[in-house]
Amino acid sequence: MNVHNTLSIDSPLGPITLAVSGHGLCGLWFDEQRHGPSPQQVRHWPRNPGDALLQQAADQVTAYLAGQRSQFDLPLDLSHGTDFQQAVWQALLTVPCGQHQSYGQLAARLNRPSAVRAVGAAVGRNPVSIIVPCHRILGAGGQLRGYAGGLWRKQALLTLEGHPAL
């Protein structure tokens, strides 16, 4: 991943690291998120809190977490995933706020109905949590299943979006 700048912000769900490349926002990770960059890796990335895109992303994420925003308007760079991962991440962007889909439904939408586990793995490796809304994907029957940032965060994000208690 070619990171040009990073910014760390505090949030009600814990510290978040934002990262941009020359093509857009390429990362949004909670501290200690599975499949995220290591602390050693992040330490070596450039930090520029004055970066306009990083500031825009921080403002939009903060507004979302405060219940003041339901959509994001940011250029994304999802190019560092495989073609399959990129297709899954693009499909996640079409799941509206306040709604959810199952992993099976997402696999079917991608014309890969037998690839539920592979879809789940790609969802789990989403590099831009919250903005690419992987938290809106649930297990069969609406059950909470896996979230690289922790199930408690997934629950909090769904509750923020008006989902009934799961």
Checklist line | Selection from segment 46-61 of residues that are surrounded by 16 or more Cβ atoms within 10 Å (Cβ to Cβ) and over 14 Å from the mean Cα position of the chain (by Cα) | finding: 51, 53, 54, 56
Checklist line | Residue check for residue 110: under 20 Å from residue 152 (Cα atoms), modelled with pLDDT of 95 or more and either more than 17 Å from the chain's Cα centre (by Cα) or surrounded by 13 or more Cβ atoms within 10 Å (Cβ to Cβ) (or both) | finding: no
Notebook entry, point to check: So residue 78 fits all but one of (1) without any contact (Cβ under 8 Å) to a residue 12 or more places away in the chain; (2) over 20 Å from residue 146 (Cα atoms); (3) touching a helix residue (DSSP H, G or I) at 6+ places or on another chain (Cβ under 6 Å); what number is the exception?
Noted result: (1)
Next item on the list: Say whether the condition of being of a type in the set (D, E, K, R), more than 17 Å from residue 30 (Cβ to Cβ) and at pLDDT 95 or above is met by at least one residue in segment 82-93.
Entry: yes
Item checked: Conditions (1) more than 15 Å from residue 128 (Cα to Cα); (2) out of contact with any strand residue (DSSP E or B) (no Cβ under 6 Å at 6 or more places or on another chain); (3) not assigned by TED's automatic domain parsing to the domain that holds residue 127; number of the one not met by residue 45 -> (2)
Note to self: For segment 85-106, give me each residue that is under 9 Å from residue 122 (Cβ atoms) and out of contact with any helix residue (DSSP H, G or I) (no Cβ under 6 Å at 6 or more places or on another chain).
What the structure shows: 86, 87, 89
Next item on the list: Quickly run through segment 125-161 and pick out the residues that are of a type outside the set (A, V, I, L, M, F, W, C), buried (at least 19 other Cβ atoms within 10 Å of the Cβ) and part of a helix (DSSP H, G or I).
Entry: 135, 136, 153, 154
Check: residue 118 passes all but one of (1) modelled with pLDDT of 95 or more; (2) out of contact with any strand residue (DSSP E or B) (no Cβ under 8 Å at 6 or more places or on another chain); (3) in a loop (DSSP other than H, G, I, E, B); which number fails?
Finding: (3)
Checklist line | Residue list for segment 93-112, restricted to those being of a type outside the set (Ser, Thr, Tyr) and in contact with a strand residue (DSSP E or B) (Cβ under 7 Å, 6 or more places away or on another chain) | finding: 95, 100, 101, 106
Notebook entry, point to check: Taking into account only those residues within segment 6-52 that are of a type in the set (A, V, I, L, M, F, W, C) and part of a helix (DSSP H, G or I), which is modelled with the highest pLDDT?
Noted result: 52
Notebook entry, point to check: Which residue out of 22, 14, 27, 36 is in the same structural domain as residue 58 (by TED's automatic domain parsing), touching a Pro at 6+ places or on another chain (Cβ under 7 Å) and either surrounded by 15 or more Cβ atoms within 10 Å (Cβ to Cβ) or touching a residue at least 12 places away in the same chain (Cβ under 8 Å) (or both)?
Noted result: 27
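The values are calculated or read from the model by the stated rules, or taken from the named source; none is laboratory data. Because the structure is predicted, anything quoted here is derived from the model rather than measured. Using ideal geometry, Cβ is built from the backbone for each residue, glycine included, and neighbour counts are taken over all protein chains shown.
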